[in-house]
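Asks: First the structure, then my questions, so here it is.
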Amino acid sequence: MKSLLNKVNRITFLFLLFCTTTLFSQVKLVSWNIQNFGKSKSEIEINFIANTLKNYDIIAIQEVVAGYGGAQAVAKLADELNRKGSKWDYVISDPTSSSAYKTERYAFIWKTANLKKIGRAWLEKKYHLEIDREPFYCTFEYKKNKFTVVNFHAITKSKQPETEIKYFKFLPGEYPNLNLIFAGDFNCPQSHTVFIPLRKMGYQSILVNQKTSLKQEIKKGKYLASEYDNMFYNTAKINRIDKGIISFYKNFGSLKEARMISDHIPIWFEFSLN
């Protein structure tokens with residue numbers, strides 16, 4: 001009798017596990033502004049970055065160097081990730097079209113076991129004149145559900161990033177058939193009024209009052225400086241399971257050493273698709 005009950009309990013557990021994984025498809029997306037990601041990054045640093053990001057499904061990178069070395073650094077990172085137990089693929093944007101500010105590239109790297117890239121990734125076309133480093137879009141399919149990550153790096157705070165972020169309110173209308181997730185370095189806190197139009201459309205930030213850039217030096221035990229990096233998702237189409245930051249700087253003896261990797265920390269979002 002006892003063995004029968006144990007067998008029934010095991011079957012029940014496996015059934016519930018199957019239902020959970022089938023009905024609630026989960027994706028882990030991480031976004032990181034990796035400062036000057038290019039030939040200046042050593043093999044040791046790229047290996048550290050790979051170890052930091054290997055447990056996520058999709059990696060969105062900002063600040064890939066536009067000139068020689070940027071695309072090569074992304075390829076090296078993907079190759080390093082491939083050595084750590086999973087198969088990864090990647091796509092790199094053309095240089096952003098900005099003439100007034102620093103042009104860069106974006107990159108996506110993803111695990112191919114469960115994720116499939118749909119179509120070609122593209123830089124924003126309509127608002128490329130209004131947004132200095134126009135966002136980079138890539139659509140993925142996960143267990144028959146599709147979503148599009150919008151990878152973005154705003155102009156610096158001193159140049160008033162809200163003057164270009166204000167155009168984001170038009171993007172859901174430009175792509176009505178896409179499930180958009182805005183991810184990246186906005187150089188602007190989620191509490192800014194520029195995000196109100198997106199909120200009225202049902203978008204929500206994953207982080208609130210969470211600083212994500214590194215100070216130059218530790219002050220009063222504080223390592224983080226500003227609330228810049230975030231993700232915004234449509235609550236009607238996406239269920240938030242978890243979110244957070246990766247405090248990679250704790251692996252270094254000083255902020256100066258940590259800043260050799262980046263002056264921003266990675267942020268992550270685990271979600272399921274309706």
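Asks: At Tyr68 and Lys87, where each label point lies 7 Å from the Cα along Cα→Cβ, what is the point-to-point distance in nanometres?
Replies: 3.4
Asks: Over 23 Å between Cα atoms: which of Lys222/Lys256; Lys211/Lys237; Lys159/Lys200 fall into that group? Each step should come with its number before you reach the end.
Replies: On the way: Lys222/Lys256 14 Å; Lys211/Lys237 27 Å; Lys159/Lys200 26 Å.
Checking Cα-Cα distances, Lys211/Lys237; Lys159/Lys200 exceed 23 Å.
Asks: Take the residue pairs Lys41/Lys84; Lys39/Lys219; Lys215/Lys250; Lys76/Lys169 and return only those whose Cα atoms are more than 24 Å apart.
Replies: Details: Lys41/Lys84 19 Å; Lys39/Lys219 31 Å; Lys215/Lys250 13 Å; Lys76/Lys169 36 Å.
From the list (Lys41/Lys84; Lys39/Lys219; Lys215/Lys250; Lys76/Lys169), the Cα-Cα distance tops 24 Å for Lys39/Lys219; Lys76/Lys169.
Asks: Apply the Karplus parameterisation 6.51 cos²θ - 1.76 cosθ + 1.60, with θ equal to phi minus 60°, to every residue of region 102-119 and state each ³J(HN,Hα) to the nearest whole Hz, in sequence, with x for glycine and proline.
Replies: 5, 6, 9, 10, 10, 8, 10, 10, 9, 6, 8, 4, 10, 10, 10, 6, 9, x
Asks: Something else now. Excluding Asp242 itself, what net charge comes from residues whose Cβ is under 14 Å from its Cβ, given Lys and Arg +1 and Asp and Glu -1? If you can, show how the numbers build up before the last one.
Replies: Working: positive: Lys28, Arg240, Lys243; negative: Asp57, Glu270.
Once positives and negatives cancel, what remains is +1.
Asks: Taking N as the number of residues in the chain, what is its alpha-carbon radius of gyration divided by 2.2 N^0.38 Å?
Replies: Dividing the Cα radius of gyration by 2.2 N^0.38 Å gives 1.06.
Asks: For region 137-219, which trypsin sites (Lys or Arg not before Pro) pass both filters: DSSP loop (anything but H, G, I, E, B) and at most 16 other C-beta atoms within 10 Å?
Replies: On the way: sites: Lys143, Lys144, Lys146, Lys157, Lys159, Lys166, Lys169, Arg199, Lys200, Lys211, Lys215, Lys219; in loops: Lys143, Lys144, Lys211.
In loop regions of region 137-219 (DSSP not H, G, I, E or B), the sparsely surrounded trypsin sites (Lys or Arg not before Pro) are Lys143, Lys144.
Asks: Check Asp94: other-chain or 5+ apart residues with amide H under 5 Å from its amide H, H built from backbone geometry?
Replies: The answer is none.
Asks: Excluding same-chain residues fewer than 8 positions from Lys117, which aspartates and glutamates have a Cα within less than 20 Å of its Cα?
Replies: Asp57, Asp79, Asp89, Asp94, Glu141, Glu270
Asks: Please check which bits of region 71-109 a label hung off Thr156 would reach, taking the label as a point 7 Å along Cα-to-C-beta and the cut-off as backbone N under 18 Å.
Replies: 98-105
Asks: I've got another one for you. Looking at region 119-223, what % of the alpha carbon pairs are farther apart than 20 Å? List each step's numbers first, then the result.
Replies: Numbers: 2425 of 5460 pairs.
For region 119-223, the share of Cα pairs beyond 20 Å comes to 44 percent.
Asks: Same structure, new question: With angles folded into 0 to 90 degrees, how steeply does helix 70-82 sit against the dominant principal axis of the chain? Use alpha carbons for both and round to 10.
Replies: 20
Only the coordinates and a few stated rules stand behind these numbers; no lab work does. Just so it is clear, the structure is predicted and the values come from calculations on it, not from any experiment. No Cβ is skipped: glycine too gets one built from the backbone with ideal geometry, and neighbour counts run over all protein chains shown.
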